[in-house]
Amino acid sequence: MKHDPALSGKLIDGKAIARRLTDHVKAEAEALRERTGKIPGLAVVLVGNDPASEVYVKNKAIQTHRAGMRSFMHMLPETTGQDELLELIDRLNADPQIHGILVQLPLPAQLDPIVVTNAIAPEKDVDGLGEVNAGRLSLGIDGLVPCTPLGCLMLLKETLPDLRGLHAVVIGASNLVGKPMAQLLLKEGCTVSVGHIDTRDPQGLAREGDILVVATGKNGLVRGDWIKPGATVIDVGITRISLPDGKTRLVGDVAFDEAAPIAGHITPVPGGVGPMTIACLLHNTLQAARTVLERPQA
Ligand SMILES: Nc1nc2c(c(=O)[nH]1)N[C@@H](CN(C=O)c1ccc(C(=O)N[C@@H](CCC(=O)O)C(=O)O)cc1)CN2
Ligand SMILES: [Mg+2]
């Protein structure tokens, strides 16, 4: 998407920052291979044929190879039962070539995402969604952190070197983004507010944010008058909309054209948070591999 050149100083370039992180992961994976003779491996499981998920898992495999790591793809039919999926996860948990396991979300209705993500061994849970890693994050203990909020934090740190004392408002309270995002921001010393579906005045809450992170899945929800002047705005939403000419376009949860002139810094969609999600997955896979391969022997 083309943006007004006057806004270029405000844009947080997720694509460039993700490329830098991926290059760093690649160099570190190579160094790990030299030290241990082992290559980090990531298994991605997709159940069903949701077209957006198919694109995401394909991109994950391409980026995994690009970072010098091994990719193992498991594409299962839409009708897969929970026991069958849990059996596959057990096999991946036991496979020493695999250091990270990710089950692409959303899952078909017959599968319980909480049970499925909890079946992944905590040291291979590169999505950070299981109860062990989620618990570690809420206690402020090191662990594997969910990729999208980790990417959002990295983007924030590019523009705001010290987050202490800032009021961060997170709109959306999902397990995948909103809740872990709030925990990460708390850990950074922000004063954190979380808005959700039942929040009475989300606009008033959003306007208090020096930092505003929006992850609702409702495209264009956040209008220009929701933004505190000068705020740093991170838009996690990605929705593909149809245009009158029959083409399609990706848009975020923030009405970009209204918000960008008011914000101090803002992420675009596409090219903001999305690329960071995959780069952070590679970062987490490297972290998971290092933890296992370089664990001090008793
Ligand atoms: N198990 C998980 N499932 C899902 C996650 C997740 O972190 N773990 N996140 C999302 C989807 N997602 C990764 O899985 C993801 C979304 C978007 C992008 C991305 O690069 N977006 C690009 C645009 C891509 C396009 O053209 O469609 C961008 O924003 O620039 C990467 C990963 C839900 N499921
Ligand atoms: Mg489905």
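The values are calculated or read from the model by the stated rules, or taken from the named source; none is laboratory data. Here the structure is a predicted model, which is why all the values come from computation and not from measurement. Positions of Cβ are generated from backbone atoms using ideal geometry, with glycine treated the same way; all protein chains shown enter the neighbour counts. Quick note on the areas: whole protein, heavy atoms, side chains included, nothing else; ligands and nucleic acids left out. Shrake-Rupley method; radii C 1.70, N 1.55, O 1.52, S 1.80 Å.
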The chain, helix-only ellipticity at 222 nm - DSSP H runs n ≥ 4, -39,500 (n - 2.57), divided by all residues, nearest 500: -12500 deg cm²/dmol
Taking a virtual spin label 7 Å from the Cα of Ala109 along the C-beta vector, which residues in region 50-93 bring their backbone nitrogen under 20 Å of it? 50-53, 77-85
Between their Cα atoms, which of Lys157/Lys218; Lys179/Lys228; Lys10/Lys247; Lys157/Lys228 are more than 24 Å away from each other? Lys157/Lys218; Lys10/Lys247
Treating the angle as unsigned and between 0 and 90°, give the value, to the nearest 10°, between the Cα long axis of helix 14-36 and the longest Cα principal axis of the chain. 20 degrees
Under 5 Å from the placed amide H of Ile12, counting only residues 5+ away or on other chains, we find Ile266, Thr267
Of 23-32, 150-159, ordering from highest average Cβ density within 10 Å down gives 150-159, 23-32
Around His265, with a cut-off of 13 angstrom between Cβ atoms, what is the net charge of the other residues, counting Lys and Arg +1 and Asp and Glu -1? -1
For the chain, longest principal axis from Cα atoms; helix 178-187 axis from its Cα atoms; angle between them, nearest 10 degrees, is 90 degrees
Here the net charge surrounding Gly130, from other residues whose Cβ is less than 12 Å away from its Cβ (Lys, Arg +1; Asp, Glu -1), is -2
Longest to shortest principal axis, alpha-carbon extents of the chain, angstrom: 54, 42, 36
Skipping prolines and chain starts, which residues have an amide H placed within reach, meaning under 5 Å, of the one on Val213, given they are 5 or more residues away or on another chain? Val169, Val170, Ile171, Ile234
Computed over the chain: longest principal axis from alpha-carbon atoms vs helix 273-293 long axis, angle to nearest 10 degrees, is 30 degrees
Around Val145, what is the net charge, scoring Lys/Arg as +1 and Asp/Glu as -1 over all other residues with Cβ under 13 Å from its Cβ? -1
If you check each cysteine of the chain for another cysteine whose beta-carbon is under 4.7 Å away, which ones come up empty? Cys152, Cys190
Rounded to whole Hz, the Karplus (6.51, -1.76, 1.60) HN-Hα couplings of region 234-249, x for glycine and proline: 10, 9, 8, x, 9, 10, 8, 10, 8, 9, x, 7, x, 7, 10, 8
Applying a 10 Å radius around every beta-carbon, put 182-188, 242-248, 50-56 in order of their mean neighbour count, most first. 182-188, 50-56, 242-248
Excluding ligands, DNA and RNA, the carbon-plus-sulfur percentage of the accessible area of the chain with a 1.4 Å probe reads 54 percent
Find how many whole Å separate the alpha carbon centroid of region 129-146 from the alpha carbon centroid of region 3-19. 31 Å
Any chance you could check the Cα centroid distance between region 106-126 and region 247-275 for me, in angstrom? 30 Å
